[in-house]
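The values are calculated or read from the model by the stated rules, or taken from the named source; none is laboratory data. Keep in mind that this is a model prediction, so the values were computed, not measured. Here the Cβ positions follow ideal geometry from the backbone for every residue, glycine too, while neighbour counts run over all protein chains shown. For the accessible areas, the whole protein counts, side chains as well, though only heavy atoms, and no ligand, DNA or RNA atoms are used. Shrake-Rupley method; radii C 1.70, N 1.55, O 1.52, S 1.80 Å.
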Amino acid sequence: MQSNALVLTVAERLDDRGDIMQLTLRGAGDLPAFTAGAHIDLLVETAEGPVWRQYSLAGDPSDRSAYRLGILRDPASRGGSVALHDTLKTGASVHVEGPRNHFPLAEASFSVLFGGGIGITPMLAMAWELSAKGADFILHYATRSQDRTAFLDQIKSFPFAEKIVLHHDDGAGAGPVDLARDLPEAAVGTHIYVCGPQGFMEWVIKGAEAAGYAPANIHREYFSADVDVTGDSFEVECAASGITVTVGPEDTIVKALARGGIKIEVKCEEGICGTCVTDVIAGEIDHRDQFLTEEEREEGDQICACCSRACGKRIVLDI
Ligand code: FES
């Protein structure tokens, strides 16, 4: 157990529409502050042992009394969400780290939020924060149908309810998201935020790029990624410790280093959370993560060691 983990209590569990469980976590007093877009790491007991999973904070950032989460039961995921759905009861204790924010709001004259399915969670916190600032924004919430739309009952009473546009694939609400209609013209002060299933996110991002949005105005948060970690074998030299290990075709840098006695902390293990980011001294990087920005990739001096690889035969890390 990490010594800086908070132990919080599940004050409320609500099984909502769309296989989404809403959790309210409380502590003895005020919780560490967070800004919209932040997530916490939650320790989950699975059949394979304890794992850390990341969940966006969906509540009002000005409310320090609770962390509010939405967790999709996803049998196709690596087991964390199913274990939580099956075991977590009101009154249970949970271990939490964070909050951390890799998806903060930018200064904008207009913010356009796209939440697909469970991707609504960080968007709700963003809507709370933008609403409190009196900022101009709109939130597009896309689901398959109304009866698969979590948070539906609450959002009707939120102070920004009129800024939420509901989109359902079955044609209800405003119908499916239509980028030709729902994406405003690109402008310097207009920022786009997207979170949800990978296909939905890539579709919105490509649409925004095609509409002329600058990369710095398109913000995204991945919940999970189909990441291929395999490739040709290469060597990793650790400059500080003087150790060199070989990463096999099915291997990762983190696993190869662990065999050599060097531990890199990991959480998501699929290139999303940034926990494993390690400085690179030499060698070209084959980035497989969703965490580093285009600018960071171009600088070429950081690698997500849980999934990314070397382009060539050798890479030198600053560890
Ligand atoms: S452990 Fe999350 S990005 Fe590597």
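Go through the stretch 296-308 and count every residue that is within 13 Å of the ligand (Cβ to nearest atom) and modelled with pLDDT of 95 or more. So that I can check it myself, show each step before the final result.
Residues of the stretch 296-308 that are within 13 Å of the ligand (Cβ to nearest atom), as a first pass: 296, 302-308.
With the extra rule that they be modelled with pLDDT of 95 or more, the set shrinks to 302-308.
Residues that pass the stated criteria total 7.
Quickly run through the stretch 244-260 and pick out the residues that are more than 15 Å from the ligand (Cβ to nearest atom) and over 13 Å from Ile315 (Cβ atoms). Working first, answer last.
First, the residues of the stretch 244-260 that are more than 15 Å from the ligand (Cβ to nearest atom): 244-246, 248-250, 259-260.
Listed by number, the residues that qualify are Gly248, Pro249, Glu250, Arg259, Gly260.
Enumerate the pairs (first residue in the stretch 283-299 and more than 22 Å from Asp232 (Cβ to Cβ); second residue anywhere and within 16 Å of the ligand (Cβ to nearest atom) and modelled with pLDDT of 95 or more) with beta-carbon separation below 6 Å, excluding pairs fewer than 6 apart on the same chain, so at least 6 apart or on different chains.
Going by the 6 Å Cβ cut-off, the qualifying pairs are Phe291/Cys304; Glu296/Gln302.
Kindly indicate whether Arg68 is open to solvent by 10 Å² or more (accessible area, probe 1.4 Å), assigned by TED's automatic domain parsing to the domain that holds Pro197, at pLDDT 95 or above and not hydrophobic (A, V, I, L, M, F, W, C).
Details: open to solvent by 10 Å² or more (accessible area, probe 1.4 Å): yes; assigned by TED's automatic domain parsing to the domain that holds Pro197: no; at pLDDT 95 or above: yes; not hydrophobic (A, V, I, L, M, F, W, C): yes.
Against the criterion (open to solvent by 10 Å² or more (accessible area, probe 1.4 Å), assigned by TED's automatic domain parsing to the domain that holds Pro197, at pLDDT 95 or above and not hydrophobic (A, V, I, L, M, F, W, C)), Arg68 does not qualify.
To keep it simple, each residue is scored yes or no on (1) free of Cβ contacts under 8 Å to residues at least 12 places away in the same chain; (2) within 20 Å of Ala106 (Cα to Cα); (3) open to solvent by 40 Å² or more (accessible area, probe 1.4 Å).
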residue	(1), (2), (3)
Glu185	no, yes, yes
Phe234	no, no, no
Glu237	no, no, yes
Glu250	no, no, yes
Ile262	no, no, no
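Every residue in the stretch 194-227 that is open to solvent by 20 Å² or more (accessible area, probe 1.4 Å), small (Gly, Ala, Ser), within 22 Å of Phe137 (Cβ to Cβ) and assigned to a loop (DSSP other than H, G, I, E, B), please.
Ala211, Gly212, Ala214
If the Cβ limit is 8 Å and pairs must be 6+ apart or interchain, which residue in the stretch 89-106 that is over 17 Å from Gly27 (Cβ atoms) and aliphatic (A, V, I, L, M) pairs with which residue that is open to solvent by 50 Å² or more (accessible area, probe 1.4 Å) and at pLDDT 95 or above?
That search, which allows pairs on different chains as well, returns Leu105/Thr35.
What's the number of the only condition in (1) under 22 Å from Ala38 (Cβ atoms); (2) surrounded by 22 or more Cβ atoms within 10 Å (Cβ to Cβ); (3) more than 13 Å from the ligand (Cβ to nearest atom) that Thr293 fails to meet?
(2)
Only residues that are in contact with a His (Cβ under 9 Å, 6 or more places away or on another chain) and either part of a strand (DSSP E or B) or among the aliphatic types (A, V, I, L, M) (or both): list them for the stretch 284-308, please.
Ile303, Cys304
Which residues, counting only those in the stretch 140-176, are open to solvent by 60 Å² or more (accessible area, probe 1.4 Å) and either part of a loop (DSSP other than H, G, I, E, B) or touching a strand residue (DSSP E or B) at 6+ places or on another chain (Cβ under 7 Å) (or both)?
Result: Arg144, Gln146, Lys156, Ser157, Pro159, Asp169, Asp170, Gly173, Pro176.
Suppose we filter Arg68, Arg78, Arg53 for residues that are under 18 Å from Glu270 (Cβ atoms) and touching a Gly at 6+ places or on another chain (Cβ under 7 Å); which single one remains? Write out each step before concluding.
On the way: Arg68 fails: under 18 Å from Glu270 (Cβ atoms); Arg78 fails: touching a Gly at 6+ places or on another chain (Cβ under 7 Å).
So the residue among Arg68, Arg78, Arg53 that is under 18 Å from Glu270 (Cβ atoms) and touching a Gly at 6+ places or on another chain (Cβ under 7 Å) is Arg53.
Assigned to a loop (DSSP other than H, G, I, E, B) and not hydroxyl-bearing (Ser, Thr, Tyr): is that true of Pro61 in this structure? Even if it seems obvious, please write down each step before you answer.
Details: assigned to a loop (DSSP other than H, G, I, E, B): yes; not hydroxyl-bearing (Ser, Thr, Tyr): yes.
So Pro61 passes the test.
Which ones in the stretch 267-282 are open to solvent by 40 Å² or more (accessible area, probe 1.4 Å) and either more than 8 Å from the ligand (Cβ to nearest atom) or modelled with pLDDT under 95 (or both)? Let's see the steps before the verdict.
Taking the stretch 267-282 first, the residues open to solvent by 40 Å² or more (accessible area, probe 1.4 Å) are 269, 275, 277, 279, 281-282.
Glu269, Thr275, Asp279, Ile281, Ala282 - these are the residues of the stretch 267-282 that are open to solvent by 40 Å² or more (accessible area, probe 1.4 Å) and either more than 8 Å from the ligand (Cβ to nearest atom) or modelled with pLDDT under 95 (or both).
Among the residues of the stretch 35-48, write down those that are open to solvent by less than 20 Å² (accessible area, probe 1.4 Å) and either modelled with pLDDT under 95 or in contact with a strand residue (DSSP E or B) (Cβ under 6 Å, 6 or more places away or on another chain) (or both). Walk me through how you get there before you give the answer.
Applying the first criterion (open to solvent by less than 20 Å² (accessible area, probe 1.4 Å)) to the stretch 35-48 yields 36-42, 44.
Residues satisfying the conditions are Ala38, His39, Ile40, Asp41, Leu42, Val44.
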